[in-house]
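**Student:** This is the structure I want to talk about, given as structure tokens.
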Amino acid sequence: MAAGVRVGVGKDRADDLCMPGFIGREQEVATLVRALAGPSVVLVEGEAGIGKSRLIQELLATVRNDHRVLLGVCPPYRESLTLGPIVDAVRQARDCVAGLRLSPLAGALRPLFPEWAADLPPAPEPLSDPRAAHHRLFRALVELIDTLDATVLVVEDVHWADNATLDFLLFLTCRLPQPINVVITYRPEDVPPTSPLLRLSSRLPATTTRLRLTLEPLDVEATARMVSSMLGGQPVSPSLVRFLHQRTDGVPLAVEESVRLLRDRADLVRDARGWRRRGSGELQVPPTVRDAVLERVQRLGGA
């Protein structure tokens, strides 16, 4: 199923490209849908560009009639925002909290949601013990999520999350009964060995379903289908598919950007066998892929 509209493909050369279709992950979507019968904690892991976000998009489109979803994303800030993805997920679900049946505990949420101050209970007395204050805040957040009747919380790019967010996810998933399905995505190579994220897969209640999905690169056949979906569904020559698969290792983002780079260089032409390369030179690293690699190298180097 192509995730886009064909804008226009010239007769013998690629003028405009379609968005790539959702290729090679149908089984993973079906597995995720079954897991959301819950309660479950799902960890979707894979390298940059492997298609974690696209998988989540397709999952949410599939379950939108059966689940109320909260979605948060951890941005790649140098210093992560405290509980930022959880706060953003709740804000996107509600414009205000007026009418919700909240206990006085919800007054602890005022620092996180100052725009809702008029509708939140009064702030509770300060606590001298920081751990007790964290516990009270986490309880208040869980109460708020409960009142939203959400059945799925998705947090993307958790390798960039702050420790408070990770601790909250652990607090949420260790509750009995677990109030919500939790789906997180992350790059395993960017998770330090001391990260609280590791506890999400090792310290869950026995009644909670644990599912870990590792997304693998596309094989040659799936690469061919993906490239074809970008070229109006037309056949693609085996030589072009082999060339792209060898140089991208089947990483979907690298495949997509490489096809766009070939189009920009007017290096895609169509003959009786389908789309092929006009030239035979080496293909430079697409800028999007290059920037992602450089960003990761800088972080690993402590920059």
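**Student:** Based on the mean of other beta carbon atoms within 10 Å per residue, what is the order of 52-60, 165-173, most packed first?
**Tutor:** Working: 52-60: 19.0, 165-173: 20.8.
Highest mean packing first, the order is 165-173, 52-60.
**Student:** While we're on this one: With every protein chain left in place, what is the accessible area per residue of the chain in square angstrom, probe 1.4 Å?
**Tutor:** Value for the chain: 51 Å² per residue.
**Student:** Report the gain in length on full extension from Arg242 to Gln27: 0.36 nm times residue separation, minus Cα-Cα distance, nm rounded to one decimal. Provide the component values of the computation, followed by the final result.
**Tutor:** Working: separation 215, 0.36 × 215 = 77.40 nm, distance 2.43 nm.
Difference between extended and current length: 75.0 nm.
**Student:** Further question: What translational diffusion coefficient, in µm²/s and rounded to a whole number, does the Stokes-Einstein relation yield for region 67-140 at 20 °C and a viscosity of 1.002 mPa s, taking the hydrodynamic radius as the Kirkwood radius over Cα pairs? Mind dumping the intermediate values first?
**Tutor:** Working: Rh = 13.6 Å.
Diffusion coefficient, whole number: 158 µm²/s.
**Student:** How far, in nm, would the chain grow between Asn163 and Ala61 when pulled straight, counting 0.36 nm per residue and subtracting the alpha carbon separation?
**Tutor:** Working: separation 102, 0.36 × 102 = 36.72 nm, distance 2.99 nm.
Once the chain is fully extended between Asn163 and Ala61, it gains 33.7 nm.
**Student:** To test your reading of the geometry: what angle, between 0 and 90 degrees and rounded to tens, separates the Cα axis of helix 238-248 from the longest principal axis of the chain?
**Tutor:** On a 0 to 90 degree scale, this one is about 40.
**Student:** Any chance you could check the Cα centroid distance between region 44-104 and region 113-165 for me, in angstrom?
**Tutor:** First find each Cα centre; the distance between them is then 14 Å.
**Student:** Next up: Quick one: what are the phi-derived ³J(HN,Hα) couplings along region 266-277, Karplus 6.51/-1.76/1.60 with θ = phi - 60°, whole Hz, x for glycine and proline?
**Tutor:** 6, 9, 10, 9, 10, 10, 5, 8, x, 6, 8, 7
**Student:** While we're on this one: How many angstrom lie between the Cα centre of region 258-273 and the Cα centre of region 178-246?
**Tutor:** 27 Å
**Student:** Go through Asp264, Asp162 and list them by solvent-accessible area, largest first, probe radius 1.4 Å. Before the final figure, lay out the partial values.
**Tutor:** Numbers: Asp264 105, Asp162 20 Å².
Largest to smallest exposure gives the sequence Asp264, Asp162.
**Student:** For the chain, give me the percentage of DSSP beta bridges that are antiparallel, rounded to the nearest 5 percent.
**Tutor:** Working: 5 of 26 bridges.
So the antiparallel bridges amount to about 20 percent of the total.
**Student:** Suppose only helical runs count, i.e. DSSP H with n ≥ 4. What mean residue ellipticity at 222 nm does that imply for the chain under -39500 (n - 2.57) per run, divided by all residues and rounded to the nearest 500 deg cm²/dmol?
**Tutor:** After summing the helix terms and dividing by residue count, I get -11500 deg cm²/dmol.
**Student:** Mind putting a number on the dipole of the chain about its Cα centre? Charges go on the C-beta only, +1 for Lys and Arg and -1 for Asp and Glu, and I need it in Debye to the nearest 20. Present the calculation step by step, with values, prior to reporting the outcome.
**Tutor:** On the way: 37 positive and 37 negative charges, 111 e Å.
With Lys and Arg at +1 and Asp and Glu at -1, about 540 debye.
**Student:** So how much accessible area does Trp160 have, in Å² to the nearest 10, using a 1.4 Å probe?
**Tutor:** Accessible surface of Trp160 is approximately 40 Å².
**Student:** When the accessible area of region 216-273 is computed with all protein chains present and a 1.4 Å probe, what percentage of it is carbon and sulfur? All intermediate terms of the calculation are to be shown ahead of the outcome.
**Tutor:** On the way: 1270 of 2530 Å².
The value for region 216-273 is 50 percent carbon and sulfur by accessible area.
**Student:** Just how much of Val158 is accessible, in Å², when a 1.4 Å probe is used and the result is rounded to the nearest 10?
**Tutor:** Spelled out: Val158, probe radius 1.4 Å, area about 0 Å².
**Student:** Right, another one. Just to verify a number: what accessible area does Cys174 come out at with the full protein assembly present, 1.4 Å probe, Å² rounded to tens?
**Tutor:** The accessible area of Cys174 comes to roughly 60 Å².
**Student:** Leaving out ligands, DNA and RNA, and with a 1.4 Å probe, what % of the accessible surface on region 10-80 is carbon or sulfur? Walk me through the numbers before you get to the answer.
**Tutor:** Working: 1610 of 3530 Å².
Solvent-exposed carbon and sulfur of region 10-80 make up 46 percent of the total.
**Student:** Still on this structure: Average the reciprocal distances over every distinct pair of alpha-carbons in the chain, invert the result, and give the Kirkwood radius in Å.
**Tutor:** Values: mean 1/r = 0.0464 Å⁻¹.
Hydrodynamic radius (Kirkwood, Cα only) of the chain equals 21.5 Å.
**Student:** Return the long-range amide H neighbours of Gly72 (sequence gap of 5 or more, or a different chain), with a cut-off of under 5 Å between placed amide H atoms.
**Tutor:** Those lying under 5 Å, H to H, from Gly72 are Val154, Val155, Glu156.
The values are calculated or read from the model by the stated rules, or taken from the named source; none is laboratory data. Just so you know, these numbers come straight off a predicted model, no measurement behind them. Note: ideal-geometry Cβ built from the backbone for every residue, glycine included; neighbour counts use all protein chains shown. Quick note on the areas: whole protein, heavy atoms, side chains included, nothing else; ligands and nucleic acids left out. Shrake-Rupley method; radii C 1.70, N 1.55, O 1.52, S 1.80 Å.
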